[in-house]
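Structure record follows, encoded as structure tokens.
The values are calculated or read from the model by the stated rules, or taken from the named source; none is laboratory data. Nothing here was measured: the structure is a model prediction, and the numbers come from that model. Please note: Cβ atoms are built from the backbone with ideal geometry, for glycine as well, and neighbour counts cover all protein chains shown.
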Amino acid sequence: MLVRSLLLLLLLQNFNTLYAQETTGKVLHISRAQGTIKLDGIIDEADWQSAEASGNFIRTFPVDTGFATDATEIRMTFNDRFLYVSAKCMQPRKNYTVQSLKRDFSPGTSDVLNILFGPFKDGLNGFAFGVNPLNVQREALIDNGANLAFEWDNKWYSAVHNTDEYWSVEIAIPFKTLRYKVAPGQNSWHVNFTRARVKDWEVSCWQRVPRQFSTNNLAFVGTLIWNDPPPTTGPNIALIPYATARYGVDYRRDPNTLEITSKPDQWGGNIGGDAKIGITPSLNLDLTINPDFSQVEVDRQVANLSRFELFFPERRQFFLENRDLFAMFGFPSTRPFFSRRIGLARNPRTGLNETVPILAGARLSGKLNDNWRIGALNMQTRQVDWRDTSAVLPGANFGVLTLQRKVFGRSAISGIFVNKTNALKDLTTAQHGGMQPWHRVAGLEYNLYSKDNRWEGEWYYHRSFSPDPKQRGGTLASFLGYNDRHFNTRLGYLRVDSFYTAEAGFVPRTGTQNFFPGIGYRFFPEKGFINSWGLNADGELVYDIGFKLLDRDLYLGANTTFKDQSGANIGVYNAYTFLFNAFDPTNLYAPGTQPLPADTSFSYFGVRGEYFSSTTFDLQGFVEFNAGQYFNGHIFSLDGNFTYRIQPFGTVGVSYSYNRIRLPEPYASADLWLLGPSAELSLNRRLFVSGFFQYNTQANNFNINARLQWRFAPVSDIFLVYTDNTFAKPIERTPVHAFSPKNKTVVLKMVYWLNV
């Protein structure tokens, strides 16, 4: 099946390559500056006057025809150190929308000018730099053609000048911040410029992007032609040391009575750091010694109503640059490598994820040439002896090697090899709990992105290896999707053998075959307040290897978006579940109740809906609901958030999740609440404070995560972080009452970025 799918794919790709309509992109020339650019936001230097000007931005939203309401004029130049961009953005000062003064603001929350670069012209990878009318910056790596990774941080500079009619900006990006290669003869990059105005919601681009695609999509770009070649950068080395001071208290309790048995407190400190070394202008080596991620925000909790492990995204910056080379292999439910397996693990005593010391690590990633990319990672963790338990988490070495070859313009063939070695030599059989001394996964993938971005596909085969024969298996998958202005369809197939394992990856379920069908159609009314509306049918069918139906989720719905970018959808679904093992859908397994029995099946119907408001207004939010049958009972779920913008200082809000499960006795019923008040405030462009609270009745945990951040120099910060975990609700016939303590920690951390 896999071979036939690949042959079909190659035929489709060749057909698309030959016959897809090619459009002539815009062209902008850049020449070397003869003088000095003073970065003040005022575009008055002689080099700006002689630089080629380009504008005529074309709307992408609410329609993708006609010129933007507020004009934008772009100019570019450079010298040996910096790539300069200037822009004059017509927009009355009274119409500014700026949610916060904090760096890396989220898409859709502020007016913004974005600059997109694709130095290697592969249509898949690039850089994005954005600035808003109050000179708040954000930067991101672009992977997989359109995905923005805002976790990437680097040094660059900008200045904005504001008037009542327009704002102008000058941007200086160090060539050492970028990854590119200088070719003999004439050099050219892919480039695009985009603007978003939140008030009256309009999005426009220098190079036109069809409305059904993201404006970050590198399939729709113009060409930047270098009249003079860009400079060849010299040594590019950055040292990023850190130091921390920490105080924590752990309230230990008797596992039977829950009485507090001790309250050990601990003072501590740590030092370590990272280094970024530019091996070539397009290949980077990252080193880390004794890394610390205490400033990273805690995971956003969700109610767990499933039988399987939940996925939580990676938030640690070290693992996020060029993450598509490591984290995007496989399907979302079959990742051969999942970086959260490194340095994080579940404490068997508390049930909470805790940090595992990482001794050191290295990551090499980037371009070898125009067609080849490489990724190599190696990390070593230290053994952890969990307190008050006999369990031991052995030290481990994680190694990943990937290689990617560009083919057919925007597509790629990639290979991955993952190795995990566990240090079991000095552990007893009981301590290592059946772990093997090593575990490996090898795989090959093909990812399709057509030139016009209408076709997207993925085909892969992975195989696991281990000393244990029961951990040697394979997984394969096939996906092909089509998306144009009105019509979209997709079909996916996934097979995971019963013996396939990925100890360093994320594979919550094995022994299954999955089918993912979907089809939809969009309409774009010419008049009225509706921007688009459509109908769609989606589903997932899960079978065992012998084609016995295990799960089914079929959905038929309608969706709409409005001219202010708010939207809604609603539909009906039919679900089916076969239980191999006894299961309590509340995941509480409360005394006096029984789980649903094994070897039983359930079919049920319901309705789902969602509404999300426009960010045009200061008060924003979204709400989604699910109501209907649930196993042999009923469920009503309500999830969403409300956020209020205090322009330009930040937001306050609350997220919420309520699940009302009612099953007939003796099975469990429950009301599960998850409330998350939060505030993110910027006192100025250097000082930020945030607070995030999570009240979770299912996990019986109330978490406080508060952070003060002072950016005292570019990409250099001092953090003060407070974390507190308590019980959310009392436990009957025990000394535990609401907000009884579990643990608390205060961390002071300083990080400094030093260019060598």
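Of the set (1) outside any helix (DSSP H, G or I); (2) surrounded by fewer than 17 Cβ atoms within 10 Å (Cβ to Cβ); (3) of a type outside the set (Val, Ile, Thr), all apply to Lys470 but (1). Within region 59-68, one or more residues are crowded, with 22+ Cβ neighbours inside 10 Å, of a type in the set (Ser, Thr, Tyr) and in contact (Cβ under 8 Å) with a residue 12 or more places away in the chain. Here Pro525 fits the description: in a loop (DSSP other than H, G, I, E, B) and either of a type outside the set (A, V, I, L, M) or more than 30 Å from Ser466 (Cα to Cα) (or both). For region 212-226, the candidate set comprises residues that are over 23 Å from the mean Cα position of the chain (by Cα) and not hydroxyl-bearing (Ser, Thr, Tyr); within that set, the residue that is surrounded by the fewest Cβ atoms within 10 Å (Cβ to Cβ) is Ile225.
Kindly check whether there is at least one residue in region 148-157 that is assigned to a strand (DSSP E or B), in contact (Cβ under 8 Å) with a residue 12 or more places away in the chain and under 19 Å from the mean Cα position of the chain (by Cα). Reasoning before the result, please.
First, pick out the residues of region 148-157 that are assigned to a strand (DSSP E or B): 148-149, 157.
Filter once more, so that each one left must be in contact (Cβ under 8 Å) with a residue 12 or more places away in the chain: 148-149, 157.
Now restrict to residues that are under 19 Å from the mean Cα position of the chain (by Cα): 148-149.
Looking for residues that are assigned to a strand (DSSP E or B), in contact (Cβ under 8 Å) with a residue 12 or more places away in the chain and under 19 Å from the mean Cα position of the chain (by Cα), one finds at least one in region 148-157, hence yes.
Out of (1) crowded, with 16+ Cβ neighbours inside 10 Å; (2) in a strand (DSSP E or B); (3) under 27 Å from the mean Cα position of the chain (by Cα), what's the single condition that is false for Asn574? With (1) crowded, with 16+ Cβ neighbours inside 10 Å; (2) in a strand (DSSP E or B); (3) under 27 Å from the mean Cα position of the chain (by Cα) applied to Asn574, the lone miss is (3).
The single residue among Ser637, Ser657 that is assigned to a strand (DSSP E or B) and in contact with a Phe, Trp or Tyr (Cβ under 7 Å, 6 or more places away or on another chain) turns out to be Ser637. Taking (1) under 30 Å from the mean Cα position of the chain (by Cα); (2) under 22 Å from Asn755 (Cβ atoms) in turn, Val182 satisfies each apart from (1). Within this structure, Leu239 passes the test of being at pLDDT 90 or above and in a strand (DSSP E or B).
Going through (1) in contact with a helix residue (DSSP H, G or I) (Cβ under 8 Å, 6 or more places away or on another chain); (2) assigned to a strand (DSSP E or B); (3) at pLDDT below 90 one by one, Asn284 falls short only on (1).
Selection within region 158-179: residues that are under 31 Å from the mean Cα position of the chain (by Cα) and among the β-branched types (Val, Ile, Thr). The member of this set that is nearest to Arg81 (Cα to Cα) is Ile173.
Checking each residue in region 365-415 for being touching a residue at least 24 places away in the same chain (Cβ under 8 Å), among the polar types (S, T, N, Q) and part of a strand (DSSP E or B) picks out Ser365, Thr381, Asn397, Thr402, Gln404, Ser411, Ser414.
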